[in-house]
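Below you'll find the structure, written out as structure tokens, and then a few comments.
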Amino acid sequence: MKFTKMQAFGNDYVYIDAIHQELKNLPELARFVSDRHFAIGSDGMVLICPSDKGDFRMRMFNPDGTEGEMCGNALRSVGKYVYDHRLTDKTELVIETLGGMQHLTLTVTDGYVSDIGEPRLSTKVISINTEMDTFIDQPVQVLDRTFHITAVSWGNPHCAMFVDSVADLDVEKYGKEIEHMTSIFPNKTNVTFTEFVSRDYLKIREWERGTGETIGCGTGCATAVVTAILTGKCDRKVTVEQIGGPLLIEWDEKTNHLFMTGPSHTVFEAEIDASHILK
């Protein structure tokens, strides 16, 4: 089975062409390619499938084998995958996901997508909780600290926690605790610890549920920025500092579109023997 491992705004995903090869037992396959004991390690498995509604259909599976609605990070790199692997020659793409139809505009240089952060992603705010108003800037006790929390999400379970300084925070200690607070979140959640430096500059550190601290997360950045806008703490165009590099984010409330520019790159392409799963 051929796969490509790409880093999508800080998260590693295994991308698989599911148009030209038949795949079965998808939950087991997702667990297999995500298992770090195989030196593959990923935050999820992304399948590129045919679509009757768009140019392609994206299916995203978590490391535990469950299928996710969509992930903004993974989606951003789908455009690079399908163009660089010659599955399309289009630079304006419509991608079908469980979360809706997503629109990507690609920038191409010398025959390849030059900067995965350059495509503009059209998406919508998807709330974790149906009563959104009760989850904006709400104080929550976590172990020995009180955090201000929000449950704004961008396609997969995410929350933002406001702190005075991300540099001085024990991300693992509080990230693990918040991840399992199912009394607040219907499912285990990712956590974006957010520091407000100024109205146009934020710092974040990201705790990925079931994985640990990551070098960055486009979804987490989006969650933090939208939350900050809704609570009046920042402007609609901000720079977000993450370990993996800065992201420039702008949210257009009229169209409900998020525009994001930042780092991402292909890690490697390889093959694995998954014949025992694909039978």
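Could you order the peptides 229-235, 244-250 from most to least packed, using the average number of other C-beta atoms within 10 Å per residue?
Those peptides, ordered most packed to least, come out 244-250, 229-235.
For region 154-223, which whole percent of the accessible surface, found with a 1.4 angstrom probe, sits on carbon and sulfur atoms?
43 percent
Which pairs, out of 173/237; 176/203; 53/90; 2/53; 188/237, put more than 24 Å between their alpha-carbon atoms?
173/237; 2/53; 188/237
Tell me which residues come under 5 Å, amide H to amide H, from residue 114 once H is placed; ignore anything under 5 positions away on its chain.
Residues meeting the amide H criterion: 107, 108, 109.
Note the full-extension length gain between residue 98 and residue 276 as 0.36 nm times their separation in residues minus their Cα-Cα distance, in nm to one decimal.
Full extension from residue 98 to residue 276 adds 61.3 nm.
Going highest first, how would you order 13-20, 202-209 by mean Cβ packing within 10 Å?
202-209, 13-20
For residue 261 and residue 182 in the same chain, what is the full-extension length gain: residue separation times 0.36 nm, less their Cα-Cα distance, in nm?
25.2 nm
The values are calculated or read from the model by the stated rules, or taken from the named source; none is laboratory data. If you're wondering where the values come from, they're calculated on a predicted model, not measured in any experiment. All Cβ positions, even for glycine, are placed from backbone atoms using ideal geometry, and neighbour counts span all protein chains on display. Ligands, DNA and RNA are excluded from the accessible area calculation, which covers all protein heavy atoms including side chains. Shrake-Rupley method; radii C 1.70, N 1.55, O 1.52, S 1.80 Å.
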